[in-house]
1. In region 123-154, how many residues are more than 15 Å from Cys49 (Cβ to Cβ), modelled with pLDDT of 95 or more and in a loop (DSSP other than H, G, I, E, B)?
2. Please count how many residues of region 110-122 are surrounded by 14 or more Cβ atoms within 10 Å (Cβ to Cβ) and part of a loop (DSSP other than H, G, I, E, B).
3. Taking the condition farther than 24 Å from Met1 by Cβ, buried (at least 16 other Cβ atoms within 10 Å of the Cβ) and β-branched (Val, Ile, Thr), does Val142 pass?
4. Test each condition in (1) farther than 26 Å from Asp20 by Cβ; (2) over 14 Å from the mean Cα position of the chain (by Cα) for Val142 and report the one that comes out false.
5. I'm told Ile96 meets every condition in (1) within 21 Å of Ala155 (Cβ to Cβ); (2) over 13 Å from the mean Cα position of the chain (by Cα) except one. Can you identify the failing condition by its number?
6. From the list Gly104, Gly111, Gly116, Gly135, which residue is at negative phi and either in contact (Cβ under 8 Å) with a residue 60 or more places away in the chain or under 14 Å from the mean Cα position of the chain (by Cα) (or both)?
7. Ala155 is checked against (1) surrounded by 13 or more Cβ atoms within 10 Å (Cβ to Cβ); (2) at positive phi; (3) not polar (S, T, N, Q) and fails just one. What number does that condition carry?
8. Report whether or not Val69 is among the β-branched types (Val, Ile, Thr), more than 25 Å from Ile3 (Cα to Cα), surrounded by fewer than 21 Cβ atoms within 10 Å (Cβ to Cβ) and touching a residue at least 24 places away in the same chain (Cβ under 8 Å).
Amino acid sequence: MAIKVGDKIPAATLKVPTKDGIQDQSTEQLFGGKKVVLFSVPGAFTPTCSMKHLPGFVQNAAAIRAKGVDTIICLSVNDAFVMSAWGKDQNVGDAIVMAADGNGEFARALGLDFDGSKFGMGVRSQRFALIVEDGVVKHVAVEAPGKFEVSSAEAILAKL
């Protein structure tokens, strides 16, 4: 079952590229005591993800933070090296935490994974965005297959 408003973010460990190398960060570290926007993409370097989804959050990061958001996290079922390279390619800087869910365990725990095997992608995360306060989900926006509407930076900014 997919995560819903009022649910607590499940316990998991994600790999996060930092200036000190790749580090394990728990969901408690990432979400505890903070207001967080988490958005997830099916894959780093894929067309919609690279041309619209991540760039929208980079461009709107200051406006999102101005609404009281402490952290913006980009999640993908890719390894941390790919997420690091994608962040550099997209000039993310320190505006967005590029979190790797390499085995898709967090996406599965959220109930928001899908099987992209017919596209040669294996198990991936659906395209979605969450607003989370102190580990509790306050808003869920899951895209219909092939769509990019409700999880955009602009849509999330309007919900903050």
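1. Of the residues in region 123-154, 3 are more than 15 Å from Cys49 (Cβ to Cβ), modelled with pLDDT of 95 or more and in a loop (DSSP other than H, G, I, E, B).
2. Number of matching residues: 4.
3. Against the criterion (farther than 24 Å from Met1 by Cβ, buried (at least 16 other Cβ atoms within 10 Å of the Cβ) and β-branched (Val, Ile, Thr)), Val142 does not qualify.
4. Going through the list (1) farther than 26 Å from Asp20 by Cβ; (2) over 14 Å from the mean Cα position of the chain (by Cα), Val142 breaks only (2).
5. (2)
6. Gly116 is the lone residue from the list that is at negative phi and either in contact (Cβ under 8 Å) with a residue 60 or more places away in the chain or under 14 Å from the mean Cα position of the chain (by Cα) (or both).
7. With (1) surrounded by 13 or more Cβ atoms within 10 Å (Cβ to Cβ); (2) at positive phi; (3) not polar (S, T, N, Q) applied to Ala155, the lone miss is (2).
8. no
The values are calculated or read from the model by the stated rules, or taken from the named source; none is laboratory data. What you see is a predicted model, and the numbers here were worked out from it, not measured in a lab. FYI the Cβ positions are ideal-geometry reconstructions off the backbone, even for glycines, and counts take in every protein chain you see.
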